[in-house]
Amino acid sequence: MSAPTFPKLMLFDLDGTLLDSAPDMAATVNRMRAARGQGVMPLAELRPHVSKGSRAMSAAAFPELGGDVPPELIREFLDTYEQELGRHSVLFDGVAELLDAIEAAGSRWGIVTNKPEYLAKQIVPALGWDARCAVLIGGDTLPQRKPHPLPLLHAAQALETAIADCVYVGDDQRDIDAARAAGMRSVVALWGYRPDGDDPAGWGGDAMAETARALLDGIAMP
């Protein structure tokens, strides 16, 4: 059996792609709701919003706001989330093995996320990835964030890797839009977070994977 083939650089979204961080965010939301005398929201109700970021999570936590989330509520969410960071989250099934396989094949991997950089930088060493993750781009690292292509272009440039030798894996349409705008091949992570009725088949990804384990056989480049 031949060894798996990976591109020179595999880039990943973080929340909903590598890390199941929904339990951390649910704990955050429910601390905020408890402080206001409101009841617990179930994880299943919050989970579809995780990849949309702090504003979407705050809006889901307090639907009575009608989506009009004040900046101070987002700040409270981020401050509370920092206290819950990594306490409940786990890697998605197959992620550890996938990263091992990429490295064994002589390729590199990195993270491009819309999570604020200061939070992402706390997660990476906690997972033992600080010496393994070749590049880490947060949502506020650069003047633009996904779906703008700049974070992906910057990651490739920082590692002196041609766009044709990169693949980006993400669970949100913004991930796929960013990859397409960057001219980079993309894989839709179907195991991530999606609202009901969101059809990833229409995002325009180059491939779709049901699980991280489905990528263990490698990703051939044209």
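Only the coordinates and a few stated rules stand behind these numbers; no lab work does. No experiment lies behind these values; they were computed from the predicted model shown. Backbone-built Cβ (ideal geometry, glycine too); neighbour counts: all protein chains shown.
Going by C-beta contacts inside 10 Å, put MET25, MET10, MET208 in order with the fewest on the left.
Working: MET25 28, MET10 24, MET208 15.
Lowest count first: MET208, MET10, MET25.
Evaluate Rg over Rh across the chain, taking Cα atoms for both radii and Kirkwood's formula for Rh.
Dividing the radius of gyration by the Kirkwood radius yields 0.97.
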For the range 159-204, report the translational diffusion coefficient in µm²/s to the nearest whole number, using Stokes-Einstein at 20 °C, 1.002 mPa s, and a Kirkwood Rh over Cα pairs. 192
Any residue on another chain or 5+ positions along whose placed amide H is under 5 Å from the amide H of PHE12 is listed here as GLY110, ILE111, VAL112, VAL169
Residue with peak Gaussian network fluctuation, the chain [Cα springs, cutoff 10 Å], from LEU142, LEU18, LEU153: LEU142
Gyration tensor on Cα atoms of the range 22-84, a ≥ b ≥ c root eigenvalues, a/c under 1.5 rounded, else prolate if a/b beats b/c, else oblate, says rounded
Assuming a viscosity of 1.306 mPa s and a temperature of 10 °C, what translational diffusion coefficient in µm² per second does Stokes-Einstein assign to the range 108-193, Rh being the Kirkwood radius over Cα pairs? 122
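Taking only DSSP H segments of four or more residues, each worth -39500 (n - 2.57), what value at 222 nm results for the chain once the sum is divided by all its residues, to the nearest 500 deg cm²/dmol?
Numbers: 8 runs with 79 residues, N = 222.
Taking each H run of at least 4 residues, the total per residue is -10500 deg cm²/dmol.
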Within the range 1-36, whose backbone N sits under 15 Å from a point 7 Å along Cα→Cβ of GLU103? 10
